[in-house]
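A.B. asks: Dumping the structure here so I can ask a few things about it.
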Amino acid sequence: MTTRVPVWILIAIAATLVAGCSSTSGPGDTEDTGYPERTTPDNVLAKLKQAYEDMDCEAYMDCLAEDFVFIPSLEDQFGWVDPLPPSWDREAERRIHENMFGPGPEINRIVIYLATQTAEFDPGSDPESNDGRWVYVAEADIRAFVAIPDDPLVYLGYGDQRFLLQVDESQVGPGGENLWEIVEWRELDYWAGERVESWSWGKLKAAFR
């Protein structure tokens, strides 16, 4: 069981925004691009983190399965203000991150801390096949900086994310190794601290839909 901690807290420094580890697997090789090869679930999450910090949409999308789904927290789904849909798919993720990482006056730098809290393997129906999945719960800390002259903004926050990873059936590694990909990303529930406006990673994504 993981400790429940606050998730994505929006702090306006001077203005409001105007309408962007331990685990069981070991380290793997690195691609020529500088990103970790997706030969372990750990490496997939490391690549996701690096892609966010590089603001690289294609590298981020490479971490996601074709049937990927993102599930916002229940607080975001049933919130009183701008509730989010129950889920969205890979194509929605592409649109979001093309907007979030694209040129413009919005986010210009992102820093993420992502630490695995639990990692459990489900061997699936046939232990001899590749249908087993890893379930990772990771504590995250995101800082997204917005460059507005004389009105800087930063998104700050903390929270737990649940990643479901499976073997990529469409690609293999350079040596024929299995590659892993994220098939489901579920944001766990969160609570807001005092004198802040509560946000989540899902809310941050939704701002760029």
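A.B. asks: How would you rank 36-48, 162-174, highest first, on the average number of other Cβ atoms within 10 Å across their residues?
C.D. replies: 36-48, 162-174
A.B. asks: Just the accessible area per residue of the stretch 51-127, please: how many Å² with a 1.4 Å probe?
C.D. replies: That works out to 54 Å² for each residue.
A.B. asks: Would you please give the residues with an amide H less than 5 Å from that of ILE71, counting only those at least 5 places away or on a separate chain, with H modeled from the backbone geometry?
C.D. replies: The list, which skips near neighbours in sequence, is TRP185, ARG186, GLU187.
A.B. asks: While we're here: Quote to one decimal, in nm, the extra length available between ARG109 and PHE78 on full extension: 0.36 nm per residue of separation minus the C-alpha distance between them.
C.D. replies: 8.2 nm
The values are calculated or read from the model by the stated rules, or taken from the named source; none is laboratory data. No experiment lies behind these values; they were computed from the predicted model shown. Glycine gets a Cβ as well: all are built from the backbone with ideal geometry, and neighbour counts include every protein chain shown. Ligands, DNA and RNA are stripped out before the accessible areas are found, and what is left, the full protein with its side chains, is counted by its heavy atoms. Shrake-Rupley method; radii C 1.70, N 1.55, O 1.52, S 1.80 Å.
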